[in-house]
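This report refers to the structure that appears directly beneath it.
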Amino acid sequence: MQLIINGLVIGSIIALTAIGLSMIYKTLNFVNFAHGDFVAFAAYIALLTNVALGMNLAVAFAVAILATVALGVVVEKLVWMPMRRKNATQTTLIIISIGLALVLRNILIFVWGGDTQSYNIPVRRGFDFFGAVITPNQILVIVTAFFLMFLLHHLLSRTKIGKAMRALSDNVDLARISGIDTDRVILRTWVIGLGLAAAGGVLYGLVTAIRPSMGWFLLLPMFAAVILGGIGNPYGTIAGGMVIGLSQELSTAVLPTEYKFAVSFIVMTIVLLIKPEGIFGWVR
């Protein structure tokens, strides 16, 4: 039961952060290797707000999301938009995203150092739950992650912005001919995707140590969740994230913890051999 609780916590974080990765891939058709480092950037902004400025974690949570989104908008305007207009190849975009990831990670190391750090929050006793212990931070992570995923579902299914985003992901040229401002929709996709990534980064810092490489190590499970759930399918990504999180934690019952990343990829491979389009299928 303890491993299941841990798996649900990590799985909800993976799902929340991977949704943004999936949305950006489906809309812009490129893999953003810097996505994980935006997750780490948000955790450090929350750390700065909470520890250095002495604000509570709720304020730090909001500041981290705003700062990460602002950075993403700047990068979109200065890097990704010019590259799209120059019809840059997928290989070029991938290399740029890897370079951006390295820049962000080294900035974090330069400013905060390479040591692990944590938020300045009180330590609270956990609750007994069927023989296991679940902490208030773990409850907060699960509730917040699923609440944000519910808001995303409402946005995509009930609002004009969500419909425009879905139209753009289906066919960019057709969406442009239909009168949709594609640049504005792409910018909103970055805002939503990086906002979710930032939220996941702050929540991740609640249950693990904050370090510059935290986003990079989370990136691999995020990719696994996106592929496992069905590329471009946000609901499949949520399911894939939960499967990856649970498989990682449950594997530690019989294997050393350093093997849990390999176990998640083995699970992904087995599922894809049975159902190549992923759990929910690709969105076309």
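The values are calculated or read from the model by the stated rules, or taken from the named source; none is laboratory data. What you see is a predicted model; the values in this text were computed from it and never measured. Note that we place each Cβ from the backbone using ideal geometry, even for glycine, and neighbour counts take in every protein chain shown.
Some points to look at:
- The stretch 1-43 - residue that is over 27 Å from residue 257 (Cα atoms) and aliphatic (A, V, I, L, M) and, of those, surrounded by the fewest Cβ atoms within 10 Å (Cβ to Cβ): 31
- Residue in the stretch 57-74 that is at positive phi and surrounded by fewer than 16 Cβ atoms within 10 Å (Cβ to Cβ) present: no
- Residue selection: residue 38 fails the criterion of being of a type in the set (Phe, Trp, Tyr), touching a helix residue (DSSP H, G or I) at 6+ places or on another chain (Cβ under 9 Å) and not in a helix (DSSP H, G or I).
- Any hit, the stretch 120-133, residues being of a type outside the set (S, T, N, Q), in contact with a Ser or Thr (Cβ under 8 Å, 6 or more places away or on another chain) and in a helix (DSSP H, G or I): no
- Within the stretch 165-192, considering residues that are over 25 Å from residue 203 (Cβ atoms) and modelled with pLDDT of 85 or more, the one farthest from the chain's Cα centre (by Cα): 184
- Qualifying residue in the stretch 158-167 (condition: farther than 25 Å from residue 32 by Cα, among the small types (Gly, Ala, Ser) and without any contact (Cβ under 8 Å) to a residue 60 or more places away in the chain): no
- Among the residues making up the stretch 129-145, those that are modelled with pLDDT of 85 or more and loosely packed, with under 15 Cβ neighbours inside 10 Å are 132, 133, 143.
- Qualifying residue in the stretch 195-204 (condition: of a type in the set (Ser, Thr, Tyr), at pLDDT 90 or above, within 11 Å of the chain's Cα centre (by Cα) and crowded, with 22+ Cβ neighbours inside 10 Å): yes
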